[in-house]
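The values are calculated or read from the model by the stated rules, or taken from the named source; none is laboratory data. Keep in mind that this is a model prediction, so the values were computed, not measured. So basically every Cβ, Gly included, is an ideal-geometry build from the backbone, and we count neighbours across all protein chains shown. Each accessible area value is taken on the protein alone, full model and side chains, heavy atoms only, with ligands, DNA and RNA left out. Shrake-Rupley method; radii C 1.70, N 1.55, O 1.52, S 1.80 Å.
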Amino acid sequence: MDELKSMQQDLSSIRNLMERSNKFISLSGLSGILAGIYALGGAVYSYFILYYPNSPFGYRIKYVNDVTILNKLIIAAAVVLLLSISSAILLSYKKAAKNGESLLNKNSKILFISFCVPLFSGGLFTLVLLFRGYLGIVAPATLLFYGLALINASNATLSEIKGLGYLQISLGLISALLPGYGLLLWATGFGVIHIIYGALMYQKYDK
Amino acid sequence: MKNPLAKFDKAFEHKTRLHIMSVLMVNEHYEFNALKELLQVTDGNLATQIKALEKEEYIEIIKGYTGKKPNTKYKATKLGKAAFNKHLQALENIINMQK
(Lines give C-alpha, C1' and ligand atoms only; values in the text may rest on other atoms or scores of the structure.)
Protein backbone atom coordinates (compact mmCIF):
# COMPACT_ATOMS: atom_id res chain seq x y z
CA MET A 1 0.00 0.00 0.00
CA ASP A 2 2.96 2.26 0.60
CA GLU A 3 3.80 1.89 -3.05
CA LEU A 4 0.35 2.99 -4.05
CA LYS A 5 0.70 6.03 -1.88
CA SER A 6 4.01 6.92 -3.44
CA MET A 7 2.49 6.56 -6.92
CA GLN A 8 -0.29 8.92 -5.99
CA GLN A 9 2.31 11.34 -4.70
CA ASP A 10 4.16 10.99 -7.99
CA LEU A 11 1.05 11.87 -9.94
CA SER A 12 0.24 14.85 -7.81
CA SER A 13 3.80 16.16 -7.97
CA ILE A 14 3.70 15.81 -11.77
CA ARG A 15 0.46 17.75 -11.96
CA ASN A 16 1.83 20.40 -9.63
CA LEU A 17 5.04 20.84 -11.64
CA MET A 18 3.21 21.05 -14.94
CA GLU A 19 1.10 23.83 -13.46
CA ARG A 20 3.90 25.69 -11.72
CA SER A 21 6.53 25.40 -14.41
CA ASN A 22 4.81 27.66 -16.91
CA LYS A 23 2.89 30.01 -14.66
CA PHE A 24 3.80 32.67 -12.17
CA ILE A 25 1.57 31.71 -9.26
CA SER A 26 2.73 34.13 -6.60
CA LEU A 27 0.45 36.93 -7.70
CA SER A 28 -0.82 38.59 -4.56
CA GLY A 29 -4.55 38.92 -3.90
CA LEU A 30 -3.89 41.63 -1.36
CA SER A 31 -2.41 43.82 -4.09
CA GLY A 32 -5.74 43.58 -5.95
CA ILE A 33 -7.54 44.91 -2.90
CA LEU A 34 -5.03 47.76 -2.59
CA ALA A 35 -5.33 48.62 -6.30
CA GLY A 36 -9.09 48.84 -5.82
CA ILE A 37 -8.69 51.19 -2.88
CA TYR A 38 -6.28 53.46 -4.80
CA ALA A 39 -8.69 53.53 -7.74
CA LEU A 40 -11.62 54.46 -5.52
CA GLY A 41 -9.46 57.19 -4.00
CA GLY A 42 -8.69 58.49 -7.48
CA ALA A 43 -12.35 58.33 -8.45
CA VAL A 44 -13.45 60.26 -5.36
CA TYR A 45 -10.78 62.88 -6.06
CA SER A 46 -12.02 63.21 -9.65
CA TYR A 47 -15.57 63.46 -8.43
CA PHE A 48 -14.68 66.41 -6.22
CA ILE A 49 -12.95 68.10 -9.15
CA LEU A 50 -15.71 67.49 -11.65
CA TYR A 51 -19.08 67.19 -9.96
CA TYR A 52 -19.01 68.38 -6.38
CA PRO A 53 -21.47 69.46 -4.95
CA ASN A 54 -23.71 67.74 -7.51
CA SER A 55 -24.26 63.98 -7.31
CA PRO A 56 -22.10 61.84 -9.62
CA PHE A 57 -25.29 60.94 -11.48
CA GLY A 58 -25.98 64.58 -12.18
CA TYR A 59 -24.26 67.17 -14.28
CA ARG A 60 -20.62 68.04 -14.17
CA ILE A 61 -20.01 71.53 -12.96
CA LYS A 62 -16.61 71.79 -14.62
CA TYR A 63 -15.63 71.17 -18.19
CA VAL A 64 -12.98 68.52 -18.60
CA ASN A 65 -11.46 70.33 -21.53
CA ASP A 66 -10.15 72.97 -19.18
CA VAL A 67 -6.41 72.19 -19.37
CA THR A 68 -5.61 72.55 -15.66
CA ILE A 69 -8.45 70.19 -14.77
CA LEU A 70 -7.42 67.72 -17.43
CA ASN A 71 -3.85 67.76 -16.10
CA LYS A 72 -5.05 67.12 -12.56
CA LEU A 73 -7.08 64.14 -13.71
CA ILE A 74 -4.21 62.68 -15.73
CA ILE A 75 -1.81 63.04 -12.79
CA ALA A 76 -4.34 61.38 -10.49
CA ALA A 77 -4.72 58.48 -12.93
CA ALA A 78 -0.94 58.11 -13.25
CA VAL A 79 -0.54 58.06 -9.46
CA VAL A 80 -3.21 55.35 -9.15
CA LEU A 81 -1.51 53.28 -11.86
CA LEU A 82 1.97 53.62 -10.37
CA LEU A 83 0.81 52.84 -6.83
CA SER A 84 -1.13 49.80 -8.07
CA ILE A 85 1.71 48.36 -10.11
CA SER A 86 4.30 48.94 -7.40
CA SER A 87 2.08 47.34 -4.74
CA ALA A 88 1.48 44.36 -7.01
CA ILE A 89 5.21 43.92 -7.57
CA LEU A 90 6.16 44.41 -3.93
CA LEU A 91 3.49 42.10 -2.49
CA SER A 92 4.09 39.44 -5.14
CA TYR A 93 7.78 39.62 -4.33
CA LYS A 94 6.99 38.86 -0.70
CA LYS A 95 4.64 36.05 -1.61
CA ALA A 96 7.14 34.59 -4.08
CA ALA A 97 9.84 34.59 -1.39
CA LYS A 98 7.45 32.66 0.85
CA ASN A 99 6.72 30.14 -1.92
CA GLY A 100 10.40 29.70 -2.73
CA GLU A 101 9.79 31.15 -6.17
CA SER A 102 11.92 34.01 -7.41
CA LEU A 103 10.22 37.18 -8.63
CA LEU A 104 12.41 37.37 -11.68
CA ASN A 105 12.01 34.08 -13.44
CA LYS A 106 11.00 33.18 -16.95
CA ASN A 107 7.32 33.01 -16.04
CA SER A 108 7.10 36.34 -14.26
CA LYS A 109 8.81 37.99 -17.22
CA ILE A 110 6.32 36.48 -19.64
CA LEU A 111 3.51 37.59 -17.34
CA PHE A 112 4.85 41.12 -17.09
CA ILE A 113 5.33 41.53 -20.83
CA SER A 114 2.02 39.99 -21.83
CA PHE A 115 0.28 42.29 -19.36
CA CYS A 116 2.16 45.49 -20.18
CA VAL A 117 2.01 45.41 -23.97
CA PRO A 118 -1.79 45.73 -24.32
CA LEU A 119 -2.01 47.94 -21.24
CA PHE A 120 0.51 50.54 -22.32
CA SER A 121 -0.48 50.54 -25.97
CA GLY A 122 -4.04 51.17 -24.79
CA GLY A 123 -2.88 53.80 -22.33
CA LEU A 124 -0.92 55.74 -24.95
CA PHE A 125 -3.78 55.42 -27.43
CA THR A 126 -6.16 56.85 -24.84
CA LEU A 127 -3.80 59.73 -24.08
CA VAL A 128 -3.47 60.61 -27.76
CA LEU A 129 -7.24 60.68 -28.23
CA LEU A 130 -7.63 62.63 -25.01
CA PHE A 131 -5.32 65.38 -26.26
CA ARG A 132 -7.25 65.46 -29.50
CA GLY A 133 -10.36 66.24 -27.51
CA TYR A 134 -12.13 62.88 -27.38
CA LEU A 135 -12.77 63.14 -23.67
CA GLY A 136 -15.47 60.51 -23.48
CA ILE A 137 -13.02 57.83 -24.59
CA VAL A 138 -11.17 57.60 -21.28
CA ALA A 139 -13.42 55.36 -19.19
CA PRO A 140 -14.39 52.88 -21.92
CA ALA A 141 -10.90 52.68 -23.46
CA THR A 142 -9.01 52.23 -20.18
CA LEU A 143 -11.47 49.54 -19.03
CA LEU A 144 -11.35 47.75 -22.39
CA PHE A 145 -7.59 47.74 -22.74
CA TYR A 146 -7.10 46.76 -19.11
CA GLY A 147 -9.47 43.84 -19.63
CA LEU A 148 -7.58 42.77 -22.74
CA ALA A 149 -4.28 43.02 -20.87
CA LEU A 150 -5.66 40.78 -18.11
CA ILE A 151 -6.93 38.17 -20.55
CA ASN A 152 -3.62 38.23 -22.39
CA ALA A 153 -1.71 37.78 -19.13
CA SER A 154 -4.04 35.16 -17.67
CA ASN A 155 -2.31 32.25 -19.41
CA ALA A 156 0.86 33.08 -17.54
CA THR A 157 -0.65 33.20 -14.06
CA LEU A 158 -3.62 32.15 -11.91
CA SER A 159 -6.49 31.35 -14.26
CA GLU A 160 -9.04 33.47 -12.34
CA ILE A 161 -7.46 36.56 -13.89
CA LYS A 162 -9.25 35.74 -17.14
CA GLY A 163 -12.67 36.21 -15.54
CA LEU A 164 -11.59 39.58 -14.16
CA GLY A 165 -10.57 40.54 -17.70
CA TYR A 166 -13.97 39.67 -19.15
CA LEU A 167 -15.69 41.70 -16.44
CA GLN A 168 -13.57 44.78 -17.19
CA ILE A 169 -14.22 44.47 -20.93
CA SER A 170 -17.97 44.26 -20.34
CA LEU A 171 -17.88 47.35 -18.15
CA GLY A 172 -15.82 49.14 -20.81
CA LEU A 173 -18.42 48.38 -23.47
CA ILE A 174 -21.26 49.42 -21.18
CA SER A 175 -19.51 52.68 -20.42
CA ALA A 176 -19.08 53.31 -24.16
CA LEU A 177 -22.87 53.08 -24.44
CA LEU A 178 -23.50 55.30 -21.40
CA PRO A 179 -21.21 58.28 -21.87
CA GLY A 180 -22.41 60.20 -18.80
CA TYR A 181 -21.55 57.42 -16.39
CA GLY A 182 -17.87 57.05 -17.22
CA LEU A 183 -16.53 57.93 -13.79
CA LEU A 184 -19.01 55.66 -12.00
CA LEU A 185 -18.31 52.68 -14.24
CA TRP A 186 -14.58 53.34 -14.04
CA ALA A 187 -14.82 53.35 -10.23
CA THR A 188 -16.82 50.10 -10.36
CA GLY A 189 -14.31 48.34 -12.60
CA PHE A 190 -11.02 49.54 -11.20
CA GLY A 191 -12.27 50.05 -7.65
CA VAL A 192 -15.11 47.82 -6.49
CA ILE A 193 -14.43 44.80 -8.71
CA HIS A 194 -10.72 44.86 -7.84
CA ILE A 195 -11.50 44.83 -4.16
CA ILE A 196 -13.99 41.94 -4.49
CA TYR A 197 -11.72 39.93 -6.78
CA GLY A 198 -8.65 40.63 -4.68
CA ALA A 199 -10.48 39.50 -1.56
CA LEU A 200 -11.60 36.26 -3.23
CA MET A 201 -8.06 35.56 -4.47
CA TYR A 202 -6.67 36.38 -1.04
CA GLN A 203 -9.07 33.90 0.56
CA LYS A 204 -8.18 31.21 -1.94
CA TYR A 205 -4.41 31.55 -2.35
CA ASP A 206 -2.80 33.84 0.19
CA LYS A 207 -4.00 32.36 3.45
CA MET B 1 -3.09 -11.12 -15.75
CA LYS B 2 -0.29 -9.12 -17.26
CA ASN B 3 1.97 -7.45 -14.78
CA PRO B 4 1.20 -3.75 -14.99
CA LEU B 5 4.60 -2.94 -13.57
CA ALA B 6 6.11 -4.22 -16.80
CA LYS B 7 5.11 -0.97 -18.44
CA PHE B 8 6.99 1.06 -15.87
CA ASP B 9 9.89 2.97 -17.31
CA LYS B 10 13.08 2.43 -15.37
CA ALA B 11 14.34 5.81 -16.51
CA PHE B 12 11.60 7.47 -14.46
CA GLU B 13 12.23 5.55 -11.27
CA HIS B 14 14.18 8.45 -9.91
CA LYS B 15 11.91 11.25 -8.70
CA THR B 16 14.02 14.08 -10.09
CA ARG B 17 13.98 12.51 -13.55
CA LEU B 18 10.22 12.19 -13.41
CA HIS B 19 10.00 15.82 -12.38
CA ILE B 20 12.33 17.08 -15.11
CA MET B 21 10.25 15.24 -17.66
CA SER B 22 6.97 16.69 -16.26
CA VAL B 23 8.30 20.19 -16.72
CA LEU B 24 9.53 19.52 -20.25
CA MET B 25 6.16 18.04 -21.24
CA VAL B 26 4.40 21.38 -20.87
CA ASN B 27 7.22 23.79 -21.75
CA GLU B 28 8.87 24.06 -25.13
CA HIS B 29 12.24 24.20 -23.39
CA TYR B 30 13.58 25.00 -19.92
CA GLU B 31 16.89 26.37 -18.65
CA PHE B 32 19.18 24.59 -16.25
CA ASN B 33 18.99 27.24 -13.55
CA ALA B 34 15.23 27.62 -13.84
CA LEU B 35 14.85 23.86 -13.44
CA LYS B 36 17.14 23.91 -10.44
CA GLU B 37 15.02 26.59 -8.80
CA LEU B 38 11.71 24.95 -9.62
CA LEU B 39 12.70 21.47 -8.49
CA GLN B 40 14.80 22.64 -5.53
CA VAL B 41 17.67 20.26 -6.23
CA THR B 42 21.45 20.66 -6.22
CA ASP B 43 23.52 21.34 -9.34
CA GLY B 44 25.18 17.94 -9.11
CA ASN B 45 21.96 15.98 -8.70
CA LEU B 46 20.24 17.82 -11.54
CA ALA B 47 23.22 17.36 -13.87
CA THR B 48 23.37 13.63 -13.13
CA GLN B 49 19.67 13.08 -13.77
CA ILE B 50 19.74 15.16 -16.92
CA LYS B 51 22.63 13.09 -18.20
CA ALA B 52 20.68 9.91 -17.53
CA LEU B 53 17.66 11.19 -19.47
CA GLU B 54 19.89 12.38 -22.25
CA LYS B 55 21.46 8.93 -22.51
CA GLU B 56 18.00 7.46 -23.04
CA GLU B 57 17.48 10.14 -25.71
CA TYR B 58 14.42 11.35 -23.83
CA ILE B 59 15.67 14.93 -23.75
CA GLU B 60 17.99 16.98 -25.89
CA ILE B 61 20.26 19.90 -25.15
CA ILE B 62 20.04 23.26 -26.84
CA LYS B 63 23.16 25.32 -26.30
CA GLY B 64 22.78 29.03 -26.68
CA TYR B 65 23.84 32.38 -25.38
CA THR B 66 22.03 35.11 -23.50
CA GLY B 67 24.27 38.07 -24.32
CA LYS B 68 27.75 36.71 -23.72
CA LYS B 69 26.82 34.15 -21.09
CA PRO B 70 26.37 30.61 -22.29
CA ASN B 71 23.07 29.08 -21.30
CA THR B 72 21.88 25.55 -21.67
CA LYS B 73 18.30 24.63 -22.32
CA TYR B 74 16.65 21.25 -22.40
CA LYS B 75 13.88 19.97 -24.56
CA ALA B 76 11.88 16.74 -24.48
CA THR B 77 12.27 14.53 -27.53
CA LYS B 78 9.39 12.72 -29.23
CA LEU B 79 10.70 9.47 -27.80
CA GLY B 80 10.81 11.00 -24.33
CA LYS B 81 7.28 12.35 -24.52
CA ALA B 82 5.93 9.00 -25.67
CA ALA B 83 7.79 7.20 -22.87
CA PHE B 84 6.50 9.65 -20.29
CA ASN B 85 2.90 9.25 -21.45
CA LYS B 86 3.22 5.47 -21.29
CA HIS B 87 4.65 5.72 -17.78
CA LEU B 88 1.80 7.97 -16.67
CA GLN B 89 -0.73 5.59 -18.15
CA ALA B 90 0.85 2.73 -16.23
CA LEU B 91 0.70 4.74 -12.99
CA GLU B 92 -2.95 5.51 -13.57
CA ASN B 93 -3.82 1.92 -14.39
CA ILE B 94 -2.32 0.67 -11.18
CA ILE B 95 -4.06 3.26 -9.08
CA ASN B 96 -7.37 2.52 -10.75
CA MET B 97 -6.96 -1.19 -10.18
CA GLN B 98 -6.66 -0.63 -6.43
CA LYS B 99 -9.95 1.21 -6.24
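Along the range A:40-45, what does the Karplus equation 6.51 cos²θ - 1.76 cosθ + 1.60 (θ = phi - 60°) give for ³J(HN,Hα), rounded to whole Hz, x for Gly and Pro?
Once rounded to whole Hz, the list reads 5, x, x, 5, 5, 4.
Rounded to whole Å and sorted largest first, list the principal axis extents of the Cα atoms in the protein assembly as shown.
82, 52, 31
In nanometres, what is the gap between the two model label sites at A:Leu4 and A:Lys98, each 7 Å from Cα along Cα-to-Cβ?
Each label point lies 7 Å from its Cα, and together they span 3.6 nm.
What lysines could a cross-link reach from A:Lys5, if we take a straight Cα to Cα line under 22 Å and drop same-chain neighbours fewer than 8 places away?
Within the straight-line limit of under 22 Å, A:Lys5 reaches these lysines: B:Lys2, B:Lys7, B:Lys10, B:Lys15, B:Lys86, B:Lys99.
Please give, to one decimal in nm, the separation of the simple spin-label points placed at A:Cys116 and B:Ile61, each 7 Å out from Cα toward the Cβ.
3.3
Accessible area per residue of the range B:13-98 at 1.4 Å probe, in Å²?
Values: 5000 Å² over 86 residues.
Normalised by residue count, the accessible surface of the range B:13-98 is 58 Å².
Can you give the mean number of other chain Cβ atoms that lie within 10 Å of the Cβ atoms in peptide B:21-30?
Numbers: counts 2, 11, 6, 1, 4, 8, 5, 1, 0, 3.
The per-residue average across the peptide is 4.
Can you give the Kirkwood hydrodynamic radius for the range A:27-206, in Å, rounded to one decimal and based on Cα pairs?
Working: mean 1/r = 0.0596 Å⁻¹.
Over the range A:27-206, the inverse of the mean reciprocal pair distance is 16.8 Å.
Chains B and A: how much accessible area gets covered up at their contact, both sides added, probe 1.4 Å, in Å² to the nearest hundred? Please report the intermediate quantities before stating the final value.
Details: alone 7060 and 12370 Å², together 17650 Å².
Its buried surface, counting both partners, is about 1800 Å².
Got a sec? Charge dipole of chain A, +1 on Cβ for Lys and Arg, -1 for Asp and Glu; which of A:Ala199, A:Pro53, A:Ala35 is way out at the positive end?
A:Pro53
Beta carbons within 10 angstrom, averaged per residue: use that to sort the peptides B:55-61, B:18-24, highest first. Provide the component values of the computation, followed by the final result.
On the way: B:55-61: 16.4, B:18-24: 24.6.
In descending order of packing, they fall as B:18-24, B:55-61.
For chain B, which whole percent of the accessible surface, found with a 1.4 angstrom probe, sits on carbon and sulfur atoms?
On the way: 3170 of 6190 Å².
Taking all protein chains in place, chain B shows 51 percent carbon and sulfur surface.
Counting Lys and Arg as +1 and Asp and Glu as -1, what is the net charge of the other residues whose Cβ lies under 13 Å from the Cβ of B:Leu38? Please report the intermediate quantities before stating the final value.
On the way: positive: A:Arg20, A:Lys23, A:Lys106, B:Lys36; negative: A:Glu19, A:Glu101, B:Glu31, B:Glu37.
Cβ neighbours under 13 Å give a net charge of 0.
Compute the distribution of all C-alpha to C-alpha distances in the range B:13-98, in bins of 10 Å from 0, and list the percent of pairs in each, rounded to whole numbers.
16, 48, 26, 7, 2, 0
Please tell me the relative contact order of the range A:27-206 in percent, rounded to the nearest whole number, where contacts are Cα pairs under 8 Å and at least six residues apart. Before the final figure, lay out the partial values.
Details: 231 pairs, mean separation 62.4, N = 180.
It rounds to 35 percent for the range A:27-206.
Do the sum for the protein assembly as shown: with -39,500 (n - 2.57) for every DSSP H run of n ≥ 4, divided by all residues, what is the mean residue ellipticity at 222 nm, to the nearest 500 deg cm²/dmol?
Numbers: 12 runs with 203 residues, N = 306.
Calculated from helices alone, the mean residue ellipticity at 222 nm is -22000 deg cm²/dmol.
Can you pull the mean other chain C-beta count within 10 Å for peptide B:33-46? Present the calculation step by step, with values, prior to reporting the outcome.
On the way: counts 3, 5, 1, 0, 5, 9, 3, 1, 0, 0, 0, 0, 0, 0.
Averaged over the peptide's residues, the number is 2.
Give me the inter-chain shielding for A:3-15: mean count of other chain Cβ atoms within 10 Å, whole number please.
Values: counts 3, 4, 0, 1, 7, 4, 1, 9, 6, 0, 5, 12, 1.
The mean count of partner-chain Cβ atoms within 10 Å per residue comes to 4.
Along the Cα-to-Cβ line of B:Glu37, 7 Å from the Cα, sits a label point; which residues in the range A:110-133 have backbone N less than 20 Å from it?
Label zone hits: A:110-116.
What FRET efficiency comes out for the pair B:Lys75/A:Ser86, r = Cβ-Cβ distance, R0 = 30 Å, nearest 0.05? Present the calculation step by step, with values, prior to reporting the outcome.
Working: r = 37 Å, r/R0 = 1.22.
The computed FRET efficiency comes out at 0.25.
Given the options A:Ala153, A:Ala39, A:Ala77, which has the most mean-square fluctuation in a GNM of chain A, springs set between C-alpha atoms less than 10 angstrom apart?
A:Ala77
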